[in-house]
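Right, one structure below, let's go through it.
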Amino acid sequence: MFLPVEDRTIKPVTLKGLAGGTKFVHQGILFKLAVDKLKSPESSEYIYGGNAPSFEDAQEACGHDLKGAINYYRFHRLGVQVERQSALTTKKINLSV
């Protein structure tokens with residue numbers, strides 16, 4: 001997270017959507033690191049915080065993603081499939097798996 005991309009063992013990947021934070025794939029598992037990103041490379045506005053990044057709001061959005069998946073899971077008997085998910089928060093770092 002704090003190393004330059006070229007020095008990281010697991011490199012971030014580009015997938016659809018900005019709001020999920022920085023995404024990594026390792027051994028077929030998608031990891032999402034909850035961070036507040038700029039809306040676009042040309043923008044000076046952040047997705048959650050506006051003029052400044054809001055890591056708290058990014059973490060809250062991660063929690064909402066997890067709650068949404070839990071609610072979809074209730075419909076598995078109807079054929080709705082949702083991958084298992086979990087969230088890990090430590091020292092203000094939120095990792096969704």
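The values are calculated or read from the model by the stated rules, or taken from the named source; none is laboratory data. This one's a predicted model, so the numbers in the text were calculated from it and none came from an experiment. Neighbour counts are summed over all protein chains in view; Cβ atoms, including those assigned to glycine, are modelled from backbone coordinates with ideal geometry.
Points worth noting:
- In the stretch 21-48, the residues that are of a type in the set (Lys, Arg) and in contact (Cβ under 8 Å) with a residue 40 or more places away in the chain: 32
- Residue match in the stretch 8-21 (condition: of a type outside the set (Phe, Trp, Tyr), within 16 Å of residue 85 (Cα to Cα), within 13 Å of the chain's Cα centre (by Cα) and modelled with pLDDT under 90): yes
- Within the stretch 26-53, tally of residues that are in a strand (DSSP E or B) and over 12 Å from the mean Cα position of the chain (by Cα): 5
- Contacts under 7 angstrom Cβ, first residue in the stretch 1-20 being surrounded by 10 or more Cβ atoms within 10 Å (Cβ to Cβ), partner of a type in the set (Phe, Trp, Tyr) and outside any helix (DSSP H, G or I), 6 or more apart: 10/24; 12/24; 13/24
- Test: residue in the stretch 81-88 that is assigned to a strand (DSSP E or B) and closer than 19 Å to residue 24 by Cβ: yes
- Residue match in the stretch 54-65 (condition: of a type in the set (Ser, Thr, Tyr), within 14 Å of the chain's Cα centre (by Cα) and not in a strand (DSSP E or B)): yes
- Residue count, the stretch 49-64 (criterion: in contact (Cβ under 8 Å) with a residue 24 or more places away in the chain and buried (at least 16 other Cβ atoms within 10 Å of the Cβ)): 5
- You will find that of 37, 32, 92, the residue that is modelled with pLDDT under 80 and of a type in the set (D, E, K, R) is 92 and no other.
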